[in-house]
Amino acid sequence: MFNEANMFNQKNETMDKHHNHEELFNQEWEKGQKNELIEALKAGEGFQEKLFALPGFKEAFAHKLTCLECSDGRVNSHLGKLALAGEGLLLNSEDREILVKAIKEQGLTITGHENCGAAGIAHPGPDSDNYGYQKAKELVADTGNEYGEVHADKFTSPVHNERTLVLEGTGRFNVADLEGFPGQFISSAAHFGLSAEYQKTEAKALIGIALGDHSFGKRFDKENPFYLIVSAKDEAQYEQLTKMAEEIAADYDGLVKVSGFIAPQEVLAQQV
Ligand SMILES: [Zn+2]
């Protein structure tokens, strides 16, 4: 009897946990629904104007970004976030070489983090976080940067809350600290000059997380799609990234849409 009661309680606890989790997702989703940039994206107009008018938009380009973290929207050390999925652990050796050259002795903090989806893809199972930490440490060793770690108690959101993936080509946009921007994955792959093939693979891995059961998942539909946001330094990069983003989105039957902007030149002209 005692055991049965115990089992019953345990089952209830699991159900409560699941229920609370769903509640958290619902709350975060509703926050996104009320975000004025999401509203503008859904309306198909005004995104760029509203973004440029956000308090702190210009300031978000005013400092050197000094942290390389996972694209994961919950991870932000507030040091100015450059990002790759799993801090680059999905890179093949050729692209990794490009990254190593790009970030050599740049005074960056490279952070591994708890509960990393990219590490889970590369190395499934209970040891995936350790694999992620190890890969981040190897990158630190190869580039002469600093190592850091972000644990779940420091996450900026208790659950995955990404409504967007920012394809960040300027290397200057501290979108992670821009209040008013909806939940976002970030990829700085274009800024680092990584191959188009890698950029596509990474974007699809992140979209897979967003549309999956550990994120907003089925809350996305054609009226409420996931957005790829191109953040470009000039016209040429804007066109190139938008074309790539459209090719990626075409595989998702209307669940993924593309928008973007070219950073104003006076903003990029600021000293960093
Ligand atoms: Zn991660």
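Here, each number is a calculation from the coordinates, and none is a lab measurement. These numbers come from a predicted model, not from an experiment. Note: ideal-geometry Cβ built from the backbone for every residue, glycine included; neighbour counts use all protein chains shown.
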Exercise. ³J(HN,Hα) across region 40-51 via Karplus (A = 6.51, B = -1.76, C = 1.60, θ = phi - 60°), whole Hz, x for Gly/Pro?
Worked result: 5, 4, 5, 6, x, 7, x, 4, 4, 4, 5, 5
Problem set entry | Exposure proxy order (Cβ contacts within 10 Å, fewest to most) of His19, His123, His113 | His19, His123, His113
For this session: Give me the net charge of Cys67's neighbourhood, meaning all other residues with Cβ under 14 Å from the Cβ of Cys67; Lys, Arg count +1, Asp, Glu -1.
Result: -3
For this session: Mind putting a number on the dipole of region 151-272 about its Cα centre? Charges go on the C-beta only, +1 for Lys and Arg and -1 for Asp and Glu, and I need it in Debye to the nearest 20.
Result: 180
Exercise. Using just the C-alpha positions of region 35-268 as equal point scatterers, what log10 of I(q)/I(0) does the Debye formula give at each q in 0.16 1/Å?
Worked result: -1.14
For this session: Might you report the magnitude of the Cβ-based charge dipole of the chain about its Cα centre, with Lys and Arg at +1 and Asp and Glu at -1, to the nearest 20 debye?
Result: 260
Exercise. Over the chain, what is the relative contact order in whole percent, taking alpha-carbon pairs under 8 Å and six or more residues apart?
Worked result: 20
Exercise. Among residues other than Gly46 whose Cβ falls under 14 Å from its Cβ, what is the net charge (Lys/Arg +1, Asp/Glu -1)?
Worked result: -2
Seminar exercise, completed: What helix-only [θ] at 222 nm does the chain give? Using -39500 (n - 2.57) per DSSP H run of at least 4, over all residues, to the nearest 500, the answer is -13500 deg cm²/dmol
